[in-house]
1. Among the candidates Ser185, Ser145, Ser125, Ser157, which residue alone is out of contact with any Phe, Trp or Tyr (no Cβ under 9 Å at 6 or more places or on another chain) and closer than 18 Å to Ile67 by Cα?
2. Any residue at all in segment 150-168 that's over 22 Å from Ala77 (Cα atoms) and touching a Lys or Arg at 6+ places or on another chain (Cβ under 6 Å)?
3. Kindly indicate whether Thr70 is at pLDDT 95 or above and in a strand (DSSP E or B).
4. Return the residues of segment 1-26 that are of a type in the set (A, V, I, L, M), under 23 Å from Cys63 (Cα atoms) and surrounded by fewer than 19 Cβ atoms within 10 Å (Cβ to Cβ); say none if nothing qualifies.
5. Residues of segment 98-110 being among the polar types (S, T, N, Q) and part of a loop (DSSP other than H, G, I, E, B), which ones?
6. Mind listing whichever residues of segment 173-193 are within 13 Å of the chain's Cα centre (by Cα) and surrounded by fewer than 19 Cβ atoms within 10 Å (Cβ to Cβ)?
7. Could you go through segment 111-124 and let me know if any residue there is crowded, with 20+ Cβ neighbours inside 10 Å and either touching a residue at least 24 places away in the same chain (Cβ under 8 Å) or part of a helix (DSSP H, G or I) (or both).
8. Looking at segment 97-108, I want the residues that are over 16 Å from Ser157 (Cα atoms) and have a partner that is crowded, with 20+ Cβ neighbours inside 10 Å and β-branched (Val, Ile, Thr) with Cβ atoms under 6 Å, at least 6 apart or on another chain. Which pairs are those?
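The values are calculated or read from the model by the stated rules, or taken from the named source; none is laboratory data. Values in this document were obtained by computation on a predicted structure and should not be read as measured data. Because the Cβ atoms are built from the backbone with ideal geometry, glycine has one as well, and the counts that use them run over all protein chains shown.
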Amino acid sequence: MRKAEIERVTKETQIRVNLALDEKGKAEIDTGIGFFDHMLTALSVHSGISMSVKVKGDLNVDCHHTIEDTGIAIGQALGQALGAKSGIVRYGTAYIPMDESLAMASLDLSNRPFLVFNCDFTNQSCGEYDLCMTEEFFRAFAFNSGMTLHINLLYGSNDHHKAEAVYKAVAHALKTAVTENADGSTLSTKGVL
């Protein structure tokens with residue numbers, strides 16, 4: 001079974017993540033940041049990856065540590081659940097509209113972490129979620145899972161819609177990439193990732 005459990009405890013956050021790649025995207029998310037819960041629920045449901053994410057962070061400071069550390073923990077859980085990353089499609093790309101907004105994500109579960117993030121937001125926040133943390137979350141997620149991740153927000157005017165399109169685009173690209181391939185082989189000319 002492709003599952004993982006990660007517990008991350010620092011002086012700033014206490015995080016427990018349970019992740020299952022093959023359980024149809026059941027989401028139980030509680031980070032203390034409403035909009036972030038909404039985005040992680042979308043990531044889970046649209047990727048088909050079940051996630052239980054429980055976070056207690058130093059929100060009296062701001063949302064930075066909570067969001068970045070959650071990205072670290074979810075990324076570690078994804079990497080652990082995928083193991084050697086053999087037997088998967090490996091690549092995924094998705095364009096996702098959210099009303100007037102359109103986002104694109106393309107990723108490679110390559111063990112070569114990298115992030116390209118081309119997204120502009122108009123406002124500082126959606127609720128208690130600082131929109132600048134979107135890039136920090138995806139950087140932590142990509143680097144800790146061993147993923148090359150490109151995210152482009154092509155256009156949009158409503159920041160809620162723009163952020164949601166981004167999370168859903170990553171989710172749909174990830175759904176493709178983690179799909180098991182027909183013969184269980186490693187999709188690499190090297191034979192390993």
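1. On the way: Ser185 fails: closer than 18 Å to Ile67 by Cα; Ser125 fails: out of contact with any Phe, Trp or Tyr (no Cβ under 9 Å at 6 or more places or on another chain); Ser157 fails: closer than 18 Å to Ile67 by Cα.
None of the other options fit; the residue is Ser145.
2. Checked against the condition, which is being over 22 Å from Ala77 (Cα atoms) and touching a Lys or Arg at 6+ places or on another chain (Cβ under 6 Å), segment 150-168 yields at least one hit.
3. Values: at pLDDT 95 or above: yes; in a strand (DSSP E or B): no.
So Thr70 fails the test.
4. Keep residues of segment 1-26 that are of a type in the set (A, V, I, L, M), which gives 1, 4, 6, 9, 15, 17, 19-21.
Remaining after also requiring under 23 Å from Cys63 (Cα atoms): 6, 9, 15, 17, 19.
Residue satisfying the conditions is Val9 alone.
5. The first filter runs over segment 98-110 and keeps only residues among the polar types (S, T, N, Q), leaving 101, 106, 110.
If the condition is that a residue be among the polar types (S, T, N, Q) and part of a loop (DSSP other than H, G, I, E, B), then Ser110 is the only one that fits.
6. Residue satisfying the conditions is Lys175 alone.
7. Step one: list which residues in segment 111-124 are crowded, with 20+ Cβ neighbours inside 10 Å, which gives none.
Checking segment 111-124: not a single residue is crowded, with 20+ Cβ neighbours inside 10 Å and either touching a residue at least 24 places away in the same chain (Cβ under 8 Å) or part of a helix (DSSP H, G or I) (or both).
8. Ala105/Ile151; Ala105/Val170
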